[in-house]
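Read through the structure below, which is laid out as structure tokens, and then see the notes.
The values are calculated or read from the model by the stated rules, or taken from the named source; none is laboratory data. Predicted model only: the values in this text are computed from it and were never measured. For neighbour counting, all protein chains shown are included, and Cβ atoms are generated from backbone atoms with ideal geometry for every residue, glycine included. All accessible areas refer to the heavy atoms of the entire protein, side chains included, with ligands and DNA or RNA removed. Shrake-Rupley method; radii C 1.70, N 1.55, O 1.52, S 1.80 Å.
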Amino acid sequence: MNQEEIINSVVDYVRDFHAEDSTGHDFHHVMRVYRNAMRIQKQAGGDEFIIRVASLLHDTIDEKLNGGEHVVEDTRHYLRSFSIEEAAVERILYAMQAVSFKGGNNAFEVKSIEDAVVQDADRLDALGAIGIARTFIFGGAKNHEIHNPEAGAREGMTLEEYREENTMINHFHEKLLKLKDLMHTDAAKELAEARHRFMEDYLEQFHAEWQGER
């Protein structure tokens, strides 16, 4: 297979893989991340093939969606089925693992431009209008409360604490509003600015309506 044939096969694979998702990590999310990655890569550089494959497959190893220690190894076997060079397989897998936020507790630090591009691309989809929509669809799927003024946002959490249930509105403060300042590439930083402001405006309106002020 040439690279384009591999990409087409991976697209078909993730379409099937995410077909039953109801948490905002569906096939449309994957393709938005892929388009973000391609847009960022044009400015930031990096190995285009590594970035394309990693951005398409990034959520296949997300343990909150696909729990189990086997998921990375399953994806490794899948990539090897294309006879991709072993070094490329490991670069793809590392970029995928570097994506996750995990409350700031991810052990896989960004080490390459490919890691940075894929991570930025995924985090952009957690911001702005799309990010707001995904917060509520994920919270609804997990039966989280929308808002509770008595439940404050948490700081300095361990991974286990981060995974404990909290309100949807607190998720903005615990993760989403932090992402703008965690972007690596200039292209992503520019895109994140407007999306961040949109979320701030939304939260201002939300709290005003909650209090009956608007």
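The lone criterion from (1) open to solvent by 10 Å² or more (accessible area, probe 1.4 Å); (2) closer than 18 Å to residue 93 by Cα left unmet by residue 115 is number (1). Restricting to the range 171-186, count the residues that are assigned to a helix (DSSP H, G or I) and open to solvent by 10 Å² or more (accessible area, probe 1.4 Å). Within the range 171-186, residues that are assigned to a helix (DSSP H, G or I) and open to solvent by 10 Å² or more (accessible area, probe 1.4 Å) number 8. Based on this model, can you work out whether residue 120 counts as crowded, with 24+ Cβ neighbours inside 10 Å and at pLDDT below 95? It is false that residue 120 is crowded, with 24+ Cβ neighbours inside 10 Å and at pLDDT below 95. Residues that are open to solvent by 80 Å² or more (accessible area, probe 1.4 Å) and part of a helix (DSSP H, G or I) do not occur anywhere in the range 144-156.
Only one of the listed residues (160, 109) is of a type outside the set (S, T, N, Q), open to solvent by 60 Å² or more (accessible area, probe 1.4 Å) and either at pLDDT 90 or above or within 18 Å of the chain's Cα centre (by Cα) (or both). That residue is 109.
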